[in-house]
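The values are calculated or read from the model by the stated rules, or taken from the named source; none is laboratory data. The structure presented is a predicted model; accordingly, all values stated were derived computationally and were not measured. Note that we place each Cβ from the backbone using ideal geometry, even for glycine, and neighbour counts take in every protein chain shown. Accessible surface is based on the protein model in full, side chains and every heavy atom, while ligands, DNA and RNA are left aside. Shrake-Rupley method; radii C 1.70, N 1.55, O 1.52, S 1.80 Å.
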Amino acid sequence: MSRPHGGRLINRIVTGRRREHLLQESKELPKIEVSESIAADIANICHGVYSPLEGFLVQEDYLHVLYDMRLSNDIPWTIPIILDVDPESISGLREGDDIALTYRGLALAIMRIEEIYGWDKKEFCRCVFKTESPEHPGVRKTYMRKELLIGGPIDMLNELPEPFEKYRLWPKETRILFEAKGWRTIAGFQTRNVPHLGHEYVQKAALTFVDGLFINPLVGWKKPGDYRDEVIIRAYEVLIRNYFPKNSIVFSVLRMEMRYAGPREAIFHAIVRKNFGCTHFIVGRDHAGVGNFYKPYEAWEIFSEFPDLGITPLFIRESFYCKKCGGMVNEKICPHSEEFRVRISGTKLREIISRRERPPEYMMRPEVAEVILEFDNPFID
């Protein structure tokens with residue numbers, strides 16, 4: 001099992017008398033209401049998913065991550081975890097003050113403001129997304145964010161309500177579970193999609209040389225046209241139940257927004273799974289990509305810049321159905337020409353499902369297709 005990123009698993013959950021004291025104190029503090037995505041970041045910081053972060057980035061760390069893809073202490077980190085605020089909402093507040101961070105009126109955390117600073121959204125987008133185009137969903141979302149950033153440590157008072165609580169495990173829990181199973185090597189699999197046979201091929205290829213597989217789909221903000229959270233969960237439940245050996249999989253959801261930041265997000269996703277205890281991480285050909293904003297294998301190439309990442313990337317070639325081989329294969333093991341190859345396109349699958357049709361069995365397991373088609377609209381509007 002891997003060590004947490006930075007050497008220790010962060011725990012910023014307040015309990016006991018200190019929690020009672022801070023809850024009382026939070027009633028008198030200035031309050032900032034946060035979005036669902038920021039609320040999820042708060043929970044992920046405090047439960048160690050984002051170790052070694054203990055709060056939202058101060059400016060020095062923010063700039064290091066933006067330009068060097070590392071924190072100021074040189075630990076690899078590629079996506080700035082930031083808290084954006086309106087100037088009016090922090091009027092009268094100064095560095096050193098405490099504030100309560102609330103979500104739908106619930107006091108989630110207390111934050112000590114270490115720094116208040118401005119940011120250049122276009123520069124952020126150029127660095128993180130490699131584009132300023134509002135056609136990119138991450139860029140479009142960034143342009144809508146607020147004008148100032150505040151950085152500093154946070155302490156969590158109340159858990160974020162979780163609609164998929166029965167499917168969620170925190171890093172402290174997965175590490176105990178992996179150890180109980182006797183797993184020394186664990187491959188993490190990130191997804192925002194329902195599983196097709198190409199995904200299953202990659203997952204089973206990884207399982208051939210690790211002890212266990214950690215399937216960890218994102219639930220939270222995604223772009224319109226992506227699958228709804230409940231559809232992804234139901235689809236994976238039926239796949240795991242019917243097509244994987246028992247005790248070979250741990251399934252858990254991760255409440256975290258998609259950034260669609262391509263190669264940078266591939267590194268970030270690997271770090272997060274390292275904190276859950278994974279020793280290996282499956283990297284997609286166009287991992288966390290969108291449209292044509294990134295080159296096909298850019299998410300693989302970036303890992304060469306991080307020899308100190310502490311988790312082993314698995315670059316498993318894109319699979320396809322070969323009519324002559326009679327099964328799922330990839331270019332390394334299939335000798336046949338393109339005329340025999342049927343490639344599984346996520347876009348094509350969505351089109352088939354949108355027409356309320358069942359995808360062919362060489363693309364998707366019938367049980368998975370059946371579950372998806374039970375939903376009137378399996379896609380985000």
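So the values come out like this:
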| read-out | value |
| --- | --- |
| Hydrodynamic radius by Kirkwood, which averages 1/r over all alpha carbon pairs of segment 322-373, in angstrom | 12.2 |
| Positive-pole candidate from Cys322, Asn73, His5, dipole of the chain, charges at beta carbon | Cys322 |
| Label-point gap, in nm, between His21 and Thr347 - each point 7 angstrom along Cα→Cβ | 5.9 |
| Highest average packing first - 123-129, 20-26, Cβ atoms within 10 Å | 123-129, 20-26 |
| Residue-normalised accessible area of the chain, expressed per residue, 1.4 Å probe, Å² | 44 |
| Surface share of carbon and sulfur [accessible, 1.4 angstrom probe, percent] for segment 295-381 | 49 |
| Kyte-Doolittle at least -1.0, axis length at least 18 Å by Cα - qualifying DSSP helices, the chain | 229-243, 262-276 |
| Charged-residue dipole, Cβ positions (Lys, Arg, Asp, Glu), the chain about Cα centre, Debye nearest 20 | 1340 |
| Quotient of C-alpha Rg and 2.2 N^0.38 Å, computed over segment 1-70 | 1.33 |
| Packing rank of 58-70, 225-237, 83-95, where each peptide gets the mean count of other beta carbons within 10 Å, highest leading | 225-237, 58-70, 83-95 |
| Beta bridges by DSSP in the chain, antiparallel share as percent, to the nearest 5 | 55 |
| Span per principal axis, largest first, for the Cα atoms of segment 257-381 (Å) | 46, 41, 29 |
| Glu135 paired with Asn247, simple spin-label distance in nm, labels 7 Å along Cα-to-beta-carbon | 5.2 |
| Protein accessible area in segment 1-97, 1.4 Å probe - carbon and sulfur % | 45 |
| Cross-link pairs Lys31/Lys130; Lys323/Lys348; Lys27/Lys146; Lys27/Lys222; Lys130/Lys274; Lys223/Lys323 - those with Cα-Cα distance over 27 Å | Lys31/Lys130; Lys27/Lys222; Lys223/Lys323 |
| Protein accessible area in segment 159-228, 1.4 Å probe - carbon and sulfur % | 57 |
| Protection-proxy order for peptides 294-305, 100-111, each taking the mean of Cβ atoms within 10 Å per residue, highest first | 100-111, 294-305 |
| Whole-Å distance, taken between Cα centres, linking segment 214-291 and segment 43-95 | 23 |
| Viscosity 1.306 mPa s, 10 °C: Kirkwood-radius Stokes-Einstein D of segment 72-179 over Cα pairs, µm²/s | 95 |
| Cα-based Rg of segment 185-307 normalised by 2.2 N^0.38 Å, two decimals | 1.01 |
| Distant-in-sequence amide H partners of Arg168 (H built 1.01 Å from N, under 5 Å) | Val253 |
| Entry for volume of the Cα convex hull per residue in Å³ (calculated from the structure that is shown) out of (i) 282; (ii) 144; (iii) 133 | (ii) |
| Proximal aspartates and glutamates to Lys141, defined as alpha-carbon separation beneath 19 angstrom and excluding residues fewer than eight positions away on the same chain | Glu33, Glu36, Asp41, Asp84, Asp86, Asp120, Glu123, Glu132, Asp226, Glu257, Glu265, Asp381 |
